[in-house]
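Structure, as structure tokens:
What follows draws every value from the coordinates through simple rules; no lab data is involved. A quick note: this is a predicted structure, and the numbers were derived from the prediction, not measured.
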């Protein structure tokens, strides 16, 4: 796992608070990606590659908005379900 896998860029901060905030975000992203890997059994790079195409669209016409959810294939839905529901622990 690298920052590249998470598409993170190096940050240069001048204050202690900014550095601590940046590290908190980086470690949170790492923890979330590890948990997603554990729940799905897929490497984070593979997981991102599979789920990246799933996007919704919101269109605003004449003051009304309509949101269109993505069509999710069964194999991708299984991955999403695994992320949402932790495996039973023995």
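Observations on the model:
- Cα shape, the stretch 16-84, gyration tensor, a/c 1.5 rule: oblate
- Contact order, relative form, for the stretch 26-90: 30 percent (alpha carbon pairs under 8 Å, 6 or more residues apart, mean separation divided by residue count).
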